[in-house]
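Chemist: Got a structure for you, questions after.
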Amino acid sequence: MATEDESVDVLAPFRQFVSLERDVLVLSMAMFAFSLGFQMTGRYMGRYLSLLGATSLIIGLYGSFGNLIGAMYPYPGGALSDRIGSRTALTLFGFCSTIGFLLWVGAPDLPTFPGFPTWAWIFVGLLLVQAWKSFGLGATFAIVKQSVPPSKLAQGFASTETFRRTAFLIGPLVAASLIAAYEFELGFRYVLAVGAVFALLATLTQHVLYEASEDSLGKSFAGTAQIVNDLKGMPAPLRPLLVGDTLVRFANGMVYVFVVLAVTEYLQVDATLPFVGYLGPEAFFGVLLAIEMAVALLTMLPVSKLAERIGLKPVVGIGFVVYAVFPALLVNAPDDAGIVALLFAFSGLRFAGLPAHKALIVGPAEENAGGRVVGSYYLVRNAITIPSAAFGGWLYGIESVQAGFATVDGPILAFGLATVVGIAGTAYFLVFGQELDAYA
């Protein structure tokens, strides 16, 4: 840990990367490749579904379907990884993701039949694409745990996380380039194809280079009774954080899949950039995502250092505020590229509080109970937020509604209500989370 007189080194995780064990290096490379594919494609899926004829409600259901998969996949994925070994599991999950990307590429040309329109293939593809990301979560944790000594666990996780976030920066720029060159309808299919290539390369790389000799295989798991007991035993100081965080995440879930539509269809923001030229709304959206992640990467370590001085709770609160107010600011912004870019830079600050947030979750846990506390916390939060995108999609599709003396449309209603819910969650956390002030 740096002393108070030392400056924060944002490149430290990359320097640590070269000194890690081989299996963690392989995992980091695979995580970079998969994350590149996910980030190039995931934030654009609302626009792609719209192009394929999906309504806002269907787009919202897609978001909720993704939430459901994200909540359900990790547990059986971890159990399967324990049974068949991390290498075999990650290879299986990687091939599933590759096939899912290919389904997305070919969706406009795949056969349809009554009750199964073109956009339905996107839902099928999501079941497969999410395999490595969600099913493989337990396997990735197992590899790091098996490959580095306990004293270097944080270093191992820092390496994989930093490479994942770096892919989040590069991926949208790749997408923006292809969409700018070929327009969205064709360009995004090229983006999906690139995602499939990266998924395949990552799968083959990790299968060939990962040493399976240290794999530990399991035969059983504790079952649902343990989950219920862990939920009942959650430390009392965590409850205000859980309630506030759940409300903030529910609010974010209401609009997350619609941010691309807000930029490309509602605001229709385009830009002319130096050395680049004209970018249509879809291509410019990729640049906005890169700006958001650049701010996140540059501020994550300095803000973590700030949390050591002022405490975890204020830093987490700042992140919640950014989550809460961004939707209303975005949907009411003028179609000015500079202003919208500043808003996405502001949005990047929400990621800066993630390390403090994770530390605050595990802080109140009893010794040797941190893993169960974290698992219980995320289980509750993720389960409650599953319907958020569908609810947001229903609101987004409303043509107009009378609100007092004003008439507002669906996007204003959805994004505005998301901000109200997010502010409510932030206020609850700050007001009722006094016991968390002790955790610095």
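Chemist: Could you run through the stretch 37-67 and say how many residues are among the aliphatic types (A, V, I, L, M), open to solvent by 10 Å² or more (accessible area, probe 1.4 Å) and in contact with a helix residue (DSSP H, G or I) (Cβ under 6 Å, 6 or more places away or on another chain)?
Modeler: Residues that pass the stated criteria total 2.
Chemist: Ok, one more. Take the residues of the stretch 318-335 that are open to solvent by 30 Å² or more (accessible area, probe 1.4 Å) and in a helix (DSSP H, G or I): which is farthest from Ala359 (Cα to Cα)?
Modeler: The selected residue is Leu329.
Chemist: Testing Ala283 on (1) at pLDDT below 95; (2) small (Gly, Ala, Ser); (3) over 20 Å from the mean Cα position of the chain (by Cα), one condition comes back false. Which one is that?
Modeler: Here Ala283 clears every test but (1).
Chemist: Would the stretch 295-317 turn up any residue that is outside any helix (DSSP H, G or I) and either over 19 Å from the mean Cα position of the chain (by Cα) or crowded, with 21+ Cβ neighbours inside 10 Å (or both)?
Modeler: yes
Chemist: Within the stretch 206-241, work out how many residues are open to solvent by 20 Å² or more (accessible area, probe 1.4 Å) and at pLDDT 85 or above.
Modeler: 1
Chemist: Please go through the stretch 340-369 and give me each residue that is in a loop (DSSP other than H, G, I, E, B) and either at pLDDT 90 or above or open to solvent by less than 30 Å² (accessible area, probe 1.4 Å) (or both), ordered by number.
Modeler: Within the stretch 340-369, Gly348, Gly353, Pro364, Ala365, Ala369 meet the criteria.
Chemist: So is Ala418 closer than 23 Å to Leu68 by Cα, of a type outside the set (Asp, Glu), at pLDDT 95 or above and buried (at least 18 other Cβ atoms within 10 Å of the Cβ) or not? Spell out how you get there, then give the answer.
Modeler: On the way: closer than 23 Å to Leu68 by Cα: yes; of a type outside the set (Asp, Glu): yes; at pLDDT 95 or above: yes; buried (at least 18 other Cβ atoms within 10 Å of the Cβ): yes.
Judged against the criteria, Ala418 is a match.
The values are calculated or read from the model by the stated rules, or taken from the named source; none is laboratory data. The model shown is predicted, which means the values in this text are computed figures rather than measured ones. Cβ coordinates were reconstructed from backbone atoms using ideal geometry, including for glycine residues, and neighbour counts include every protein chain displayed. Note: accessible area is taken over every heavy atom of the protein model, side chains too, but ligands, DNA and RNA are not part of it. Shrake-Rupley method; radii C 1.70, N 1.55, O 1.52, S 1.80 Å.
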